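Read the structure below first, then the notes.
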Amino acid sequence: MDISIIGSGYVGLTAGTGLASKDHNVTCVDIDEEKVGKINNGEPPIYEEGLSELLEEVVSEGNLKASTNTIEAVKNSDVTFLSVGTPMQDEGSINLEYVKQAARDAGKALMEKEKYHLFVIKSTVVPKTTEEHIIPILEEETGKKVGEDFGVCMNPEFLREGTALDDFMNPDRIVIGEYDEKSGDVLEDIYSEFDTEILRTSLRAAELIKYASNSVLATKISFINEIGNLCKKLDIDVYEVADGIGLDERVNREFLNSGPGWGGSCFPKDVRALISFMEERNVESDVLESVVDSNEKQKTKIVELLEEEIDISGSHIAVLGLAFKPRTDDVRNSPAIDIIRELKEKNALVKAYDPQAMENMKEIHQSIEYADSASEAMKGAHAALIITHWDEFHDLTMEDLDLMENPLVIEGRKMDYEILEKHTKGISWP
Ligand code: UDX
Ligand code: UDX
């Protein structure tokens, strides 16, 4: 199938590369010329395991190319995915400007085209966006009728950063929201080689499934973090509690890992967008508001624990882990941002280290020191905080602690290394 993808970020590029590896002929479009250049050289502009090798392969085989020319790409394809960003507006609601503009551009391409065309919304959009905004724009720009000359689907993406390619290629399910059966059939055919459950539903149900999925995952984490704070008072290891409740299939152990709070490009944006969407419709969102509030409080719990141990003012604090989670260089809404801000406000001297995300964090926190390794960050430190559980931090040893002025590690993430327990404190485990 000839496929065009408008917006080649995490979702667009990963989906494009995955579909090209299934012998579809893919054109990835992006307004960012530098990104387009890199992609055409087989270099992914984002750090994702396995993506570089597969992208190089599909580009060299001619199954994938990149372009800044939306009109051309759409005209030369039969199916167009829209996966541009849907960022958050200040008060939390969704910004639909980019996805509307992408629909306008893509629609123009269809004016001269005779053949049936399918549009697939992959950007995360609030319910009824496709029906009330995207379809009217496409009809206006194309001068054609949905359901007759072109079809529309809403196909939310559930990939996680850090495991994007594997998640796209091996999804738990594929959700197809369809304008009509013909639209759904064309898209289901594209996914025919994916061995997973395909759920066919309405456009607005598919839109809501995406928000509800991210929101229930964020709720699980905020819940286990609160239980974790109780465990701290009772000298119980919250991970043992999570194991105990997670064995119940109705609960499931996934996403019950307590830590310094959830972040990233999606959970904060999507949970807030759903809250403001509900408020606009006078639907109470008490549960979700408390999920967000408790997460904000959770982010600096580790600093409170540190304050119980040492006088922070003037102390040298090593911050290990800056990315919002391991295996990505992304620091969007990372708890480390708030923790470093809090330490600076308390006059700490911060020295930070992360295997991948330091360049991105330097954009946010310029006035702190950055180290080339975890050991270097710990040299002369009065305490070390572990924020992101990169694999390499499991290799920290007593030698690293001997470098410190005061051998104390506070774990925002449960670690499994040879450092003696007497030198470590967990935010929700002994
Ligand atoms: C995006 C959305 O942000 C998310 O809500 C949705 O779930 C999936 O798609 P992601 O791929 O992570 O997620 O976003 P991002 O990495 O920011 O990529 C968006 C891409 O679209 C960027 O490369 C940007 O340059 C491009 N873009 C944006 C366009 O090509 N045209 C535009 O008008 C706007
Ligand atoms: C998330 C969703 O998982 C994915 O399905 C959707 O498409 C995009 O948003 P992502 O943002 O990449 O993916 O990160 P995820 O792995 O979900 O982690 C989100 C945050 O929750 C991170 O800060 C992570 O550290 C935290 N987390 C996750 C926990 O604190 N505990 C857990 O058990 C799991």
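So here's what we get for this one:
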item	result
Contacts under 9 angstrom Cβ, first residue in segment 34-53 being touching a residue at least 12 places away in the same chain (Cβ under 8 Å), partner among the aromatic types (Phe, Trp, Tyr) and open to solvent by 30 Å² or more (accessible area, probe 1.4 Å), 6 or more apart	Ile46/Tyr10; Glu48/Tyr10
All positions within segment 83-140 that are in a loop (DSSP other than H, G, I, E, B), more than 14 Å from ligand 1 (Cβ to nearest atom) and without any contact (Cβ under 8 Å) to a residue 12 or more places away in the chain	Asp90, Glu114
Options Asp243, Asp329; residue that is within 16 Å of ligand 1 (Cβ to nearest atom), of a type outside the set (Phe, Trp, Tyr), over 29 Å from Ala206 (Cβ atoms) and open to solvent by 30 Å² or more (accessible area, probe 1.4 Å)	Asp329
Top-ranked residue of segment 147-162 - restricted to ones that are near ligand 2 (Cβ under 9 Å from one of its atoms) and open to solvent by less than 30 Å² (accessible area, probe 1.4 Å), ranked as farthest from Lys122 (Cα to Cα)	Gly162
Selected residue (criterion: farthest from ligand 2 (Cβ to nearest atom)) from residues of segment 188-211 that are surrounded by 15 or more Cβ atoms within 10 Å (Cβ to Cβ) and without any contact (Cβ under 8 Å) to a residue 24 or more places away in the chain	Glu188
Breaking point among (1) within 17 Å of Val331 (Cβ to Cβ); (2) open to solvent by 20 Å² or more (accessible area, probe 1.4 Å); (3) out of contact with any helix residue (DSSP H, G or I) (no Cβ under 7 Å at 6 or more places or on another chain), for Ala377	(2)
Residue list for segment 1-43, filter: within 16 Å of ligand 2 (Cβ to nearest atom) and of a type outside the set (Gly, Ala, Ser)	Tyr10, Val11, Leu13, Thr14
Residue match in segment 169-187 (condition: closer than 20 Å to Val11 by Cβ, in a loop (DSSP other than H, G, I, E, B), open to solvent by less than 10 Å² (accessible area, probe 1.4 Å) and without any contact (Cβ under 8 Å) to a residue 60 or more places away in the chain)	no
Residue list for segment 251-308, restricted to those being open to solvent by less than 40 Å² (accessible area, probe 1.4 Å) and not in a helix (DSSP H, G or I)	Leu256, Ser258, Gly259, Pro260, Gly261, Trp262, Gly263, Gly264, Ser265, Ser285, Lys299, Thr300
Members of segment 95-112 that are crowded, with 18+ Cβ neighbours inside 10 Å and touching a Ser or Thr at 6+ places or on another chain (Cβ under 8 Å)	Leu96, Val99, Ala102, Asp105, Ala106, Gly107, Ala109, Leu110
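The values are calculated or read from the model by the stated rules, or taken from the named source; none is laboratory data. Computed from a predicted structure; not experimentally measured. When we count neighbours, we look across all protein chains shown, and the Cβ atoms used for this are built from the backbone with ideal geometry, even at glycine. Each accessible area value is taken on the protein alone, full model and side chains, heavy atoms only, with ligands, DNA and RNA left out. Shrake-Rupley method; radii C 1.70, N 1.55, O 1.52, S 1.80 Å.
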